[in-house]
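All remarks here apply to the structure that follows.
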């Protein structure tokens with residue numbers, strides 16, 4: 001594929017904007033107290049706001065790089081999340097307020113897992129050839145139906161999915177009085 005004067009692979013295009021997205025993910029963490037990382041905000045009416053907090057978002061997002069690498073037929077055991085993460089963070093699991101800090105892993109663990117997983121994903125996808133990304137998804141009927149190709153699923157997981165959930169953290173920050181990072 002060509003952008004301006006430069007020819008790029010699909011993998012290179014996928015990671016081109018991901019650097020900015022991962023910069024946002026890091027910026028959103030600024031000013032968050034670890035004790036609040038798994039807390040849901042309280043509205044002006046005194047009621048807890050049923051929204052995803054950063055612990056849930058970063059834990060949830062940390063699950064997906066290993067899945068993308070798996071679709072590419074690569075070993076991702078070095079970045080795979082512990083099995084306990086699925087019960088806490090899988091799609092469809094309800095985010096809960098954690099005032100005692102005992103339900104969710106600590107902030108530093110979740111952020112480290114997130115950072116390592118996405119760094120590895122960027123490193124690998126940068127070098128993936130177009131044929132691998134154009135291949136049909138194997139073994140996951142739902143993904144194959146929705147995305148068709150490995151590249152389609154990778155694009156969603158590396159961009160849309162990230163930005164959707166990072167938007168939740170941005171809104172959470174405002175509800176917690178932390179303001180915008182932009």
Taking only Cα atoms, what is the 0 to 90° angle, nearest 10, from helix 161-175's long axis to the longest principal axis of the chain? 20 degrees
Looking only at 47, 138, 94, which one moves most when the chain is put into a Gaussian network model with springs between Cα atoms under 10 Å? 47
proj_area_mean for the range 1-96 (convex hull on C-alpha atoms), units nm², value 9.4 nm²
Which ordering of 48, 142, 120 is given by a fewest-first count of other beta-carbon atoms within 10 Å? 142, 48, 120
Anyone know which of 27, 92, 151 comes out most mobile in the 10 Å Cα GNM of the chain? 92
Take the alpha-carbon centre of the range 113-128, take the same for the range 145-175, and report the distance between them in whole Å. 16 Å
Compute the helix-to-body angle for 18-27: its Cα long axis versus the longest principal axis of the chain, expressed 0 to 90° and rounded to tens. 10 degrees
The chain: calculated mean residue ellipticity at 222 nm from DSSP helix runs of at least 4, using -39500 (n - 2.57): -14500 deg cm²/dmol
Mean Cα-pair separation over length for the chain, i.e. relative contact order, pairs under 8 Å, 6 or more apart, %: 34 percent
Among 117, 38, 87, whose mean-square fluctuation peaks in a Gaussian network model of the chain (Cα, cutoff 10 Å)? 87
Can you tell me the order of 106-116, 73-83 when each peptide is scored by its average per-residue count of other Cβ atoms within 10 angstrom, highest first? 106-116, 73-83
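Just so you know, all these numbers are worked out from the coordinates, no wet-lab data involved. Being a predicted model, the structure only gives us computed values, none of them experimental. Cβ sites come from the backbone with ideal geometry, for glycine too, and all protein chains shown count toward neighbours.
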